[in-house]
Structure formats: structure tokens, C-alpha cells
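J.: Submitted below is the structure of interest, expressed as C-alpha cells.
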């Protein structure tokens, strides 16, 4: 089972019952260009962070909520993982070039990059 931490801008996508969507497949259709980040597992579930580039349509059975607003709705573990998911998506989208030589960074592990030079 996967836990899908899906973000549109700074808003987290939740089920209608204020939970992180779960399942083998994502709860919405993802495009090839949507950023994805594998996270540490949580309670035996693989956690995947995704950044989408358009808001949800109103008929999908999901809703968007600001990350801070989810504090009262999510378990402590899910809230911490959602914060880590947002942090890593932000880092991955903005850390693309080496700060020393300017070369494009290469993925080293799921949460690290290295300069090829």
C-alpha cells in the first residue's frame, strides 16, 4: 500500500474524510512531468510525495487543504511526513545546479544530489 502526499502549490490533497489518500495507484491521474519524491516508509506503507500543477476538479472525492490547517485533522505521524514531503519537493525543484561550478546536479540517492564534476 502507498500513502500519496500530493501537493498543489502549498495545499495538501486529502480524502473527504481528512486522511492521506492510500492505494497502489495515485488517487488522481498524474502527468509524466509531475515531480515525485519517494519518502521513508510509514507504518509499513511506502510514502510518495507528488507535486501537481493544477487544482483538483470538484468531483473527484478529494479536497485541498493548507498544510498548517491539516494539523488538527491528520495523525501526528502523517502530519510530520506531510511536512517532510513538502520540504523535499521544494528542495528538489529548487536545487538543480552545483553552487560551486554551476553544473546540473545528478541524483545520488532519493534525497541527495551530487555534482558530476
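J.: Considering 83, 99, which residue is over 15 Å from the mean Cα position of the chain (by Cα) and not in a strand (DSSP E or B)?
T.: 99
J.: Failed condition for residue 93, given (1) in a helix (DSSP H, G or I); (2) within 13 Å of residue 20 (Cβ to Cβ); (3) touching a residue at least 40 places away in the same chain (Cβ under 8 Å), with all others met?
T.: (2)
J.: Could you tell me whether any residue of the stretch 53-72 is under 27 Å from residue 115 (Cβ atoms), surrounded by 12 or more Cβ atoms within 10 Å (Cβ to Cβ) and in contact with a helix residue (DSSP H, G or I) (Cβ under 8 Å, 6 or more places away or on another chain)?
T.: No, every residue in the stretch 53-72 fails to be under 27 Å from residue 115 (Cβ atoms), surrounded by 12 or more Cβ atoms within 10 Å (Cβ to Cβ) and in contact with a helix residue (DSSP H, G or I) (Cβ under 8 Å, 6 or more places away or on another chain).
J.: Among the residues of the stretch 36-48, is any more than 13 Å from residue 3 (Cα to Cα), buried (at least 17 other Cβ atoms within 10 Å of the Cβ) and touching a strand residue (DSSP E or B) at 6+ places or on another chain (Cβ under 8 Å)?
T.: no
J.: In addition: Taking the condition of being in contact (Cβ under 8 Å) with a residue 40 or more places away in the chain and either farther than 19 Å from residue 22 by Cα or assigned to a loop (DSSP other than H, G, I, E, B) (or both), how many residues in the stretch 71-80 meet it?
T.: Of the residues in the stretch 71-80, 2 are in contact (Cβ under 8 Å) with a residue 40 or more places away in the chain and either farther than 19 Å from residue 22 by Cα or assigned to a loop (DSSP other than H, G, I, E, B) (or both).
J.: Out of the residues in the stretch 9-20 that are under 28 Å from residue 113 (Cβ atoms) and modelled with pLDDT of 95 or more, state the one that is surrounded by the fewest Cβ atoms within 10 Å (Cβ to Cβ).
T.: Here the answer is 11.
J.: Which numbered condition in (1) modelled with pLDDT of 95 or more; (2) under 13 Å from residue 4 (Cα atoms) is the only one that residue 69 fails?
T.: (2)
The values are calculated or read from the model by the stated rules, or taken from the named source; none is laboratory data. Note that the structure is predicted; figures quoted are calculated from it, not measured. Please note: Cβ atoms are built from the backbone with ideal geometry, for glycine as well, and neighbour counts cover all protein chains shown.
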